[in-house]
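Note sheet for the following structure.
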Amino acid sequence: MSKLFDLGGKVALVTGASSGLGAHFAKCLGEAGASVVLAARRADRLQSLQAELAQKNIAAKAVDLDVQSSESITAALEAAGSLDIVVNNAGISIVKPALDMPEKDWDAVVDTNLRGAWLVAQGAARRWVTQKRPGSIVNIASILGLRTIGQVAPYNASKAGLIHLTRALAMEWARYRIRVNAICPGYIETEMNSAFWKTPGGQKLIERIPQRRIGQPEHLDGALLLLASEAGTFMTGSVLTVDGGHTVSSL
Ligand code: NAD
């Protein structure tokens, strides 16, 4: 691997690391040389990931984190210690028609995907500014922050908000050598959705993706390592779409 992408000596915190893309991102950053802080609510899952990483000689620490709670975020950042990279990955979606979406569902989605990412970014940045250390924040947004689908209005809005928040923070924090960038994944196959892609509905959806395939978690590695490492040193406020061409599909 080019030295530019080498994360040796760096510490990276991943939110929502207990499953799916978050667990994958932790492995990817660890394989690039970083020590990882696995931050999520499910301690049992974090412990087994920690053990899996230890077998690959990746140093990992698990910290309890609920991004819906500012107290939990403060405590998690305290427990994490010195950081160089933060990946705001924790996210949820609730599927309901907009007319029937209760206020509490809106709050849960926006508080997790947008407010949570904002508070984690602010907490990390405050530490970096005080310590006079540079830092890199990678926000995991979605192509649904750029285009829309039905029945997930708060998800669409929270991811669009996260994309613009990325730009706002990049602008304000560049003077402190803090870079803030975002990745917009297209549809990526994870444990949670793998059965769907084999159904007729899933296959129909895949036909609308120009590359005619669903993404795999490792398809995001290039973008993640670019933004997290020195390779992306002149990048801040960037929003990278990784979607097999889905957002440029023919109208
Ligand atoms: P997932 O449900 O497997 O992972 C989400 C993680 O966030 C879980 O570990 C969950 O426990 C955690 N989380 C949820 N609420 C939390 C909270 N309050 N505090 C701490 N952790 C919390 O789903 P995933 O597909 O791995 O999604 C990861 C991220 O990628 C999300 O932000 C999602 O919006 C984004 N994304 C996923 C896809 C995809 O196709 N899989 C596409 C675009 C964007």
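Yes/no matrix, rows are residues, columns are (1) more than 19 Å from ALA141 (Cβ to Cβ); (2) in contact with a strand residue (DSSP E or B) (Cβ under 7 Å, 6 or more places away or on another chain); (3) surrounded by fewer than 23 Cβ atoms within 10 Å (Cβ to Cβ):
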{"site": "GLY8", "(1), (2), (3)": "yes, no, yes"}
{"site": "ASN57", "(1), (2), (3)": "yes, no, yes"}
{"site": "VAL63", "(1), (2), (3)": "yes, yes, yes"}
{"site": "ALA90", "(1), (2), (3)": "no, yes, no"}
Considering only segment 27-42, I want to know if a residue exists there that is of a type outside the set (S, T, N, Q), within 20 Å of SER70 (Cβ to Cβ) and in contact with an Asp or Glu (Cβ under 7 Å, 6 or more places away or on another chain). yes
Tabulated pairs, segment 92-108, first farther than 26 Å from ALA17 by Cβ, second small (Gly, Ala, Ser) and surrounded by 10 or more Cβ atoms within 10 Å (Cβ to Cβ), C-beta under 6 angstrom, 6+ apart or interchain: ALA98/ALA153
Please state which of the following conditions ARG45 fails to meet, knowing it meets all the rest: (1) touching a strand residue (DSSP E or B) at 6+ places or on another chain (Cβ under 6 Å); (2) within 15 Å of the ligand (Cβ to nearest atom); (3) not β-branched (Val, Ile, Thr). (1)
With (1) more than 13 Å from the ligand (Cβ to nearest atom); (2) modelled with pLDDT of 95 or more; (3) hydroxyl-bearing (Ser, Thr, Tyr) as the list, and SER2 as the residue in question, which single condition is left unmet? (2)
Which of the residues that make up segment 194-241 are free of Cβ contacts under 8 Å to residues at least 60 places away in the same chain and in contact with a His (Cβ under 6 Å, 6 or more places away or on another chain)? ILE209
Whichever residue in segment 110-151 is touching a residue at least 40 places away in the same chain (Cβ under 8 Å), out of contact with any strand residue (DSSP E or B) (no Cβ under 8 Å at 6 or more places or on another chain) and surrounded by 21 or more Cβ atoms within 10 Å (Cβ to Cβ) and, among such residues, is farthest from ARG167 (Cα to Cα): THR112
Which residues, counting only those in segment 159-177, are more than 12 Å from the ligand (Cβ to nearest atom) and in contact with a Leu (Cβ under 8 Å, 6 or more places away or on another chain)? ALA160, GLY161, LEU165
Taking segment 139-153 and keeping only residues that are assigned to a loop (DSSP other than H, G, I, E, B) and either within 13 Å of the ligand (Cβ to nearest atom) or charged (D, E, K, R) (or both), one is left with ALA141, SER142, LEU146, ARG147, ILE149, VAL152
Filter segment 92-107 for residues that are within 16 Å of the ligand (Cβ to nearest atom) and crowded, with 16+ Cβ neighbours inside 10 Å and give the result. ILE92, SER93, ILE94, ASP105, TRP106
Take ALA231 and tell me if it is within 30 Å of TYR176 (Cβ to Cβ) and not hydroxyl-bearing (Ser, Thr, Tyr). yes
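The values are calculated or read from the model by the stated rules, or taken from the named source; none is laboratory data. As the structure is a prediction and not an experimental result, all values here were calculated from the model. Backbone-built Cβ (ideal geometry, glycine too); neighbour counts: all protein chains shown.
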